[in-house]
1. Going by the conditions given, is V101 at pLDDT 95 or above, open to solvent by less than 20 Å² (accessible area, probe 1.4 Å) and either β-branched (V, I, T) or under 17 Å from H137 (Cα atoms) (or both)?
2. Which residues, counting only those in the range 179-207, are among the basic types (K, R) and within 16 Å of the chain's Cα centre (by Cα)?
3. If the requirement is being under 23 Å from M252 (Cα atoms) and part of a loop (DSSP other than H, G, I, E, B), which of these qualifies: E139, E133?
4. Which of the helices (runs of 4 or more DSSP H) contained wholly in the range 153-223 include at least 2 residues that are open to solvent by less than 40 Å² (accessible area, probe 1.4 Å) and closer than 23 Å to F140 by Cβ?
5. Considering only residues that are of a type in the set (D, E) and more than 23 Å from N107 (Cα to Cα), look in the range 210-245 and name the one that is nearest to the chain's Cα centre (by Cα).
6. Name the residues in the range 121-146 that are open to solvent by less than 70 Å² (accessible area, probe 1.4 Å), over 18 Å from I187 (Cβ atoms) and more than 18 Å from the chain's Cα centre (by Cα), would you?
7. Would you mind telling me which numbered condition in (1) open to solvent by 40 Å² or more (accessible area, probe 1.4 Å); (2) at pLDDT below 95 S260 fails?
8. Please find, within the range 15-37, the residue that is farthest from V77 (Cα to Cα) out of those that are open to solvent by 30 Å² or more (accessible area, probe 1.4 Å) and either in a loop (DSSP other than H, G, I, E, B) or of a type in the set (G, A, S) (or both).
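The values are calculated or read from the model by the stated rules, or taken from the named source; none is laboratory data. Predicted model, so just to flag it, every value in this text is computed and none were measured. Cβ coordinates were reconstructed from backbone atoms using ideal geometry, including for glycine residues, and neighbour counts include every protein chain displayed. Heavy atoms of the whole protein, side chains included, go into the accessibility calculation; ligands, DNA and RNA do not. Shrake-Rupley method; radii C 1.70, N 1.55, O 1.52, S 1.80 Å.
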Amino acid sequence: MANPIKIVTWNVNSARARLTRILSFLERHTPDIICLQEIKATQGSFPFAAIEDIGYKSFICGQPSYNGVAILAKETVTNVRMGLDNEARVIAGSVHDLRVVNVYVPNGRRIGMPKHAYKLRWLDELKLFLETEREKHEEFILTGDFNIAFNDLDVSHPDNWRDSVLCDPAARQKLTDLMEEFSLSDILRQHAPGPGVYTWWDYRTRGFEWNDGVRIDHIFATPRLAALSANSWVDVEERDLERPSDHAPVLMRLFQSDQSVSAPPAS
């Protein structure tokens with residue numbers, strides 16, 4: 001096997017506002033691929049040059065002020081595909097043989113409200129998007145901010161979050177069904193199965209100070225890639241630095257086999 005590659009997912013809550021943090025993180029961790037969500041930028045406003053200066057190419061699906069996703073990589077990203085609707089929430093691309101799908105799932109605001117219904121429909125559309133991906137890429141990484149905590153293990157104070165849209169049973173079931181459909185493994189839980197692992201803390205309630213956290217940022221992998229996973233962890237220290245995002249980055253090390261991980265098997 002070749003040396004492991006490092007993959008990161010991180011909701012940066014504005015690429016421009018968090019540019020210093022992004023550059024520092026890239027220099028500190030030197031990931032091979034980093035998937036960003038909520039970049040809140042367009043082709044004209046995303047900081048391509050500053051990121052390229054430290055050795056990364058950027059590929060984005062953006063819109064002004066809201067949403068937006070990006071894949072940054074040391075190598076060129078090919079076969080880039082974007083979707084699902086007029087909101088910039090999905091980008092997929094290939095780095096050599098590795099296919100990566102980066103998503104920013106709608107928050108849903110409040111259970112029973114129109115934006116919650118949109119979130120559930122969006123997850124259905126994501127399933128269709130992944131079905132098309134699977135036609136060309138049998139193995140892939142699915143990562144991003146899903147705005148869904150799987151169960152009480154993913155929530156610091158479950159009773160306080162019981163009625164939150166992040167713990168909505170309907171959205172949880174949609175995500176569980178999607179994982180089963182594509183045989184996806186939860187990579188962080190594969191390496192860190194215990195309690196106290198969170199990725200988001202609310203600014204408004206000083207959640208980080210009180211460790212009132214929720215795990216809603218995930219890295220999933222299809223079977224062969226999951227088997228090649230070497231490690232996964234949350235960079236909690238990043239959340240405690242100056243002007244942080246409300247999310248912490250999630251990292252994964254992946255061994256690469258000598259055989260391609262993206263091409264479908266011969267018929």
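1. Working: at pLDDT 95 or above: yes; open to solvent by less than 20 Å² (accessible area, probe 1.4 Å): yes; either β-branched (V, I, T) or under 17 Å from H137 (Cα atoms) (or both): yes.
For V101, the condition - at pLDDT 95 or above, open to solvent by less than 20 Å² (accessible area, probe 1.4 Å) and either β-branched (V, I, T) or under 17 Å from H137 (Cα atoms) (or both) - is met.
2. Filtering the range 179-207 for residues among the basic types (K, R) gives 189, 204, 206.
Once the filter is applied, which keeps residues that are among the basic types (K, R) and within 16 Å of the chain's Cα centre (by Cα), the range 179-207 yields only R189.
3. Numbers: E133 fails: part of a loop (DSSP other than H, G, I, E, B).
Only one candidate passes the filter, namely E139.
4. Values: elements: 158-161, 169-181, 187-191.
Qualifying helices (runs of 4 or more DSSP H): 169-181, 187-191.
5. Our first condition is that a residue be of a type in the set (D, E); within the range 210-245, this holds for 212, 217, 235, 237-238, 240, 242.
From what is left, the residues that are more than 23 Å from N107 (Cα to Cα) are 237, 240, 242.
Working: E237: 18, D240: 20, E242: 22 Å.
Ranking the candidates gives E237 first.
6. E131, T132
7. Every listed condition holds for S260 apart from (1).
8. Once the filter is applied, the top-ranked residue is A17.
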